[in-house]
Amino acid sequence: MSSLDYPDDLRYTTDHEWIRDVGDGTVRVGITSYAQDALGDVVYVSLPTVGETVAPGDSCGEVESTKSVSDIYAPLAGEVTAVNDALDATPELVNTDSYGEGWMYEMKLADPSVLETLLDSEAYQGQLD
C-alpha cells in the first residue's frame, strides 16, 4: 500500500496541485503528496503575489528542492487573495504536511463552477500509473 495520501475532499490537476474549496468562491492550492515526494526535501518556495490575476496553466511560483526546481501552476482562473507566509521560514512544511500547513496560496475563482472540472481523488490516482 502506498504511503502517499490523496484526500477525497480535494480536487487535483495533472500538474500535481490540489485544490480545496474553502467557500465563497475561494480555494486553497498546494502540491500533492506525490509531487512533494518526487521533489525530495523542499528548501525554498516562491509564491504568487496577493492581488495577482492568474489564468489556468500560468506559472505562478516555484518550489526548489535538493533535487530540482519545479514550477507551480495556476489550476484555475482567478485572483490570488492570500499566500502562506509560513513557507518563507519553514519550506519543509510542504514535505511534512502538504495538505495542511504546507498549503501554497488561496485564490478567488473567476468562475467557481469550473472547480468541478478538475480531477477527483480516484481520477488523479488513476493518471499517476
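The values are calculated or read from the model by the stated rules, or taken from the named source; none is laboratory data. From a predicted model like this one, the values you see are computed outputs, not experimental measurements. Cβ coordinates were reconstructed from backbone atoms using ideal geometry, including for glycine residues, and neighbour counts include every protein chain displayed. Note: areas computed on protein heavy atoms with side chains; ligands, DNA, RNA excluded. Shrake-Rupley method; radii C 1.70, N 1.55, O 1.52, S 1.80 Å.
A simple spin-label model places the labels of Thr49 and Asp21 3.2 nm from each other, with each point 7 Å out along Cα-to-Cβ. Take Leu4: with every protein chain present and a 1.4 Å probe, its accessible area is about 50 Å².
On full extension, the segment bounded by Ser68 and Ala38 gains 9.8 nm, given 0.36 nm per residue less the C-alpha separation. Note on surface exposure: Lys67, Lys108 rank Lys67, Lys108 by accessible area, highest first, 1.4 Å probe.
Here the mean projected area of the convex hull built on the C-alpha positions of the stretch 1-68 is 5.7 nm². In the chain, Cα pairs under 8 Å separated by at least six residues give a relative contact order of 30 percent. Taking square-rooted eigenvalues a ≥ b ≥ c of the alpha carbon gyration tensor, is the stretch 57-128 rounded, prolate or oblate, where a/c under 1.5 means rounded and, failing that, a/b exceeding b/c means prolate? Verdict is oblate for the stretch 57-128. Look at [x] 305; [y] 97; [z] 116: the one that is volume of the Cα convex hull per residue in Å³ derived from this structure is [y]. The phi-based Karplus calculation (6.51 cos²θ - 1.76 cosθ + 1.60; θ = phi - 60°) puts the 3J(HN,Hα) values of the stretch 5-18 at 10, 9, x, 6, 8, 10, 10, 9, 10, 6, 8, 6, 9, 10 Hz, whole numbers, x for Gly and Pro. What does the charge add up to near Ser121, with Lys and Arg as +1, Asp and Glu as -1, over the other residues with Cβ less than 13 Å from its Cβ? Surrounding charge for Ser121 is -3.
Using heavy atoms of the protein chains and a probe of 1.4 Å, the accessible area assigned to Ser121 is about 10 Å².
Less than 5 angstrom separates the built amide H of Cys60 from those of Ile72, Tyr73, Ala74, all sequence-distant by 5 or more or on a different chain. Leaving out ligands, DNA and RNA, what percent of the accessible area of the chain is carbon and sulfur, probe 1.4 Å? The value for the chain is 46 percent carbon and sulfur by accessible area. Our coupling estimate for the stretch 50-56, obtained by passing each phi through the Karplus curve with A = 6.51, B = -1.76, C = 1.60 and θ = phi - 60°, is 4, x, 5, 9, 10, 10, x Hz, Gly and Pro reported as x.
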